[in-house]
1. So Ile224 fits all but one of (1) free of Cβ contacts under 8 Å to residues at least 40 places away in the same chain; (2) in a loop (DSSP other than H, G, I, E, B); what number is the exception?
2. Is at least one residue of the stretch 228-238 without any contact (Cβ under 8 Å) to a residue 24 or more places away in the chain and of a type outside the set (Asp, Glu)?
3. If you take the residues in the stretch 1-48 that are without any contact (Cβ under 8 Å) to a residue 24 or more places away in the chain and part of a helix (DSSP H, G or I), which one is farthest from Ile93 (Cα to Cα)?
4. Quick one: would you say Leu51 is outside the structural domain of Ile224 (by TED's automatic domain parsing), at pLDDT below 90 and aliphatic (A, V, I, L, M)?
Amino acid sequence: MYRIKNWLIDLEHPLAKNILTDEERRIGYHDHLVILILCKNAGKVTTKEELLTGAWPGKHVSEGSLTQSIRSIRQLLEDSGKEQKYLKTVAKIGYKFESDAVFNSEVKEVELSSKNISDSIEPESKETSFNTPQEASLEVETKVKKNHNVKNYLCIVLGIASLLVAASVPFIYSQPKFEASSWTSMHKVEVSDVLTIYVEPDLNVDDISESLNSYILELKQNGIVSRVVMLYTRETFSLVTIRDSDAPQNVVIILKKTDTGQKLVSLIKEELHHHVH
């Protein structure tokens with residue numbers, strides 16, 4: 001994980017956790033990719049082109065989308081665009097995190113582990129070969145790149161696969177132990193020709209389907225999406241957006257027990273806004 005100020009940034013999921021208050025916040029999908037790229041290049045200027053290519057792969061988007069992501073990141077860190085304590089703007093070029101503002105907790109753990117091993121061995125065995133902190137850092141960076149590539153590939157597969165495969169997404173994110181017999185059949189709700197919702201039994205979608213349907217109809221009229229398929233469980237809400245000119249895209253929202261129907265509609269609209277622009 002990367003640590004910026006008091007926030008830990010998850011490498012796999014679009015989540016940030018405050019180490020002082022244990023508060024967790026969801027981050028927009030593209031905002032999360034922008035943070036990871038900037039953290040990886042901490043101390044160096046990352047151009048706008050690099051950020052647009054890395055955070056919106058395969059898409060042609062305006063700099064306005066990047067500006068919105070930068071604004072959201074600064075809001076999370078309580079770092080105004082005027083003060084720029086942590087995230088700097090390099091005029092007409094790009095952005096950068098100050099090198100002393102970003103910490104890689106995985107690298108520190110590897111270095112500490114290597115030091116403990118060195119202190120515990122006997123003098124005559126000191127010639128035994130161990131990875132240096134530099135080598136350990138390189139291995140961790142390689143692992144981060146590999147995990148990032150795997151995550152991008154997984155998103156594409158989930159977007160194209162059937163809703164049955166999408167139903168496994170909650171288990172991928174939370175990684176609970178379960179038996180094959182724990183699978184629950186889903187109830188299909190055809191809200192309209194642009195919205196289909198698969199829902200667990202005993203969950204009611206009446207309070208959210210009408211608001212979401214009108215919002216998605218508006219997106220379709222503007223040529224942004226053709227159809228949206230949703231999977232609603234007690235723990236997650238999975239969205240698959242389908243467009244005529246692009247491959248399906250998948251977004252997963254991790255729910256809290258306290259989330260109301262109105263809160264859920266707001267979260268879904270926010271994720272759709274980030275995801276389709």
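1. Among (1) free of Cβ contacts under 8 Å to residues at least 40 places away in the same chain; (2) in a loop (DSSP other than H, G, I, E, B), the lone unmet condition for Ile224 is (1).
2. Within the stretch 228-238, none of the residues are without any contact (Cβ under 8 Å) to a residue 24 or more places away in the chain and of a type outside the set (Asp, Glu).
3. His32
4. Against the criterion (outside the structural domain of Ile224 (by TED's automatic domain parsing), at pLDDT below 90 and aliphatic (A, V, I, L, M)), Leu51 does not qualify.
The values are calculated or read from the model by the stated rules, or taken from the named source; none is laboratory data. This one's a predicted model, so the numbers in the text were calculated from it and none came from an experiment. Using ideal geometry, Cβ is built from the backbone for each residue, glycine included, and neighbour counts are taken over all protein chains shown.
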